[in-house]
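The values are calculated or read from the model by the stated rules, or taken from the named source; none is laboratory data. None of the values given here were measured: they were computed from a predicted structure. With ideal geometry, Cβ positions are generated from the backbone for all residues, glycine too; neighbour counts draw on all protein chains shown.
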Amino acid sequence: MKRLLLGVGIGTAFAYGWRKLTGAPVHLRAPSPGAGIDAEDAMRSGAPDDATIVDRVQSQAFRDVEVAPGTVNVNAEYGKVVLRGEVESEDLIRDLVARVQQVDGVVEVESQLTARGPADAG
């Protein structure tokens with residue numbers, strides 16, 4: 001058993017050292033789905049996590065907008081924000097999407113919002 005553990009340790013050290021020497025990336029885990037960087041890299045780079053992004057969207061993008069609380073559901077995953085719900089008009093949907101795109105940490109916005117009434121005439 002000791003020989004086995006010693007062999008595994010030496011093999012691991014050799015593989016790690018070889019990857020370092022050849023310049024190959026030394027990743028011990030598969031990358032997270034959905035983004036070019038994994039969540040830990042994003043956090044180390046100072047990017048906000050998804051819960052923080054949702055809080056920011058709810059407090060900043062919906063400020064000074066007449067939308068009843070709970071009307072729009074906001075979710076975020078790896079910086080992609082998804083808006084779901086029903087609002088008054090197409091113009092309000094465009095305004096909300098533009099506001100969400102301005103929030104720090106938002107990478108992409110997907111709108112699944114629907115309008116109750118007609119768009120305002122220009």
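Details
- Of all residues in the range 85-106, those satisfying the criterion of being touching a strand residue (DSSP E or B) at 6+ places or on another chain (Cβ under 6 Å) and either part of a helix (DSSP H, G or I) or within 16 Å of residue 55 (Cα to Cα) (or both) are 90, 93, 97, 100, 101, 106.
Each row is one residue, and each column tells you yes or no for (1) surrounded by 12 or more Cβ atoms within 10 Å (Cβ to Cβ); (2) assigned to a loop (DSSP other than H, G, I, E, B); (3) modelled with pLDDT of 85 or more.
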position: 28; (1), (2), (3): no, yes, no
position: 33; (1), (2), (3): no, yes, no
position: 57; (1), (2), (3): yes, no, yes
position: 64; (1), (2), (3): no, yes, yes
position: 117; (1), (2), (3): no, yes, no
